[in-house]
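The values are calculated or read from the model by the stated rules, or taken from the named source; none is laboratory data. Computed from a predicted structure; not experimentally measured. Using ideal geometry, Cβ is built from the backbone for each residue, glycine included, and neighbour counts are taken over all protein chains shown.
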Amino acid sequence: MSLMMVPGQRLSLQFHTGCAELWGAIDDGVGIHVGEDKRAYKSGNEIEISVNEKHCLSCRGEPPVRVLEVTFGNWQ
C-alpha cells in the first residue's frame, strides 16, 4: 500500500498485535516515530516495525511525502 502525507499531517500513534510492517520512504522528509526513536527519513530508507511496536508517520517538510507500506502477518 502507498501512503501520502501532506505538510503538517500526522497519523495517530498506533501498534498492531498481529502483524509487522516494513515502510519504505519514497520521498525525503518523511517523519517516523518507532518505539522511542523519532527522526526524518530520506528517499530509499527502509524502516522495520515489529509486532506490538508503537509507531506513527508524519510529513516534516513542505512538499507532500509518500511511503510504501508492506504488512506481514494477520491484519485484523
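Residues that are exposed (fewer than 15 other Cβ atoms within 10 Å of the Cβ), among the hydrophobic types (A, V, I, L, M, F, W, C) and touching a strand residue (DSSP E or B) at 6+ places or on another chain (Cβ under 9 Å): does the range 30-48 have at least one?
no
Among residues of the range 12-38 that are farther than 10 Å from Glu53 by Cβ, those with a beta-carbon under 6 Å from a residue that is of a type in the set (D, E, K, R) and in a loop (DSSP other than H, G, I, E, B) at least six positions away or on a different chain give the pairs Leu13/Lys54; Asp28/Lys42; Gly29/Arg60; Gly31/Arg60. If only residues of the range 38-54 that are outside any loop (DSSP other than H, G, I, E, B) and under 13 Å from Ala25 (Cα atoms) are counted, the one that is nearest to the chain's Cα centre (by Cα) is Ile47.
Within the set Gly35, Gly44, Gly18, the sole residue that is touching an Asp or Glu at 6+ places or on another chain (Cβ under 6 Å) and among the small types (Gly, Ala, Ser) turns out to be Gly35. Note on the range 49-76: residues that are touching a His at 6+ places or on another chain (Cβ under 7 Å) and surrounded by 15 or more Cβ atoms within 10 Å (Cβ to Cβ) amount to 3. Residues in the range 1-14 that are in contact with an Asp or Glu (Cβ under 7 Å, 6 or more places away or on another chain) and surrounded by 14 or more Cβ atoms within 10 Å (Cβ to Cβ): Leu3 only.
Residue under question is Ala20, and the condition is that it be surrounded by 15 or more Cβ atoms within 10 Å (Cβ to Cβ), in a strand (DSSP E or B) and modelled with pLDDT under 95; does it hold? No; evaluated as a whole, the condition is false for this residue. For the range 55-76, the candidate set comprises residues that are polar (S, T, N, Q) and not in a strand (DSSP E or B); within that set, the residue that is modelled with the highest pLDDT is Asn74.
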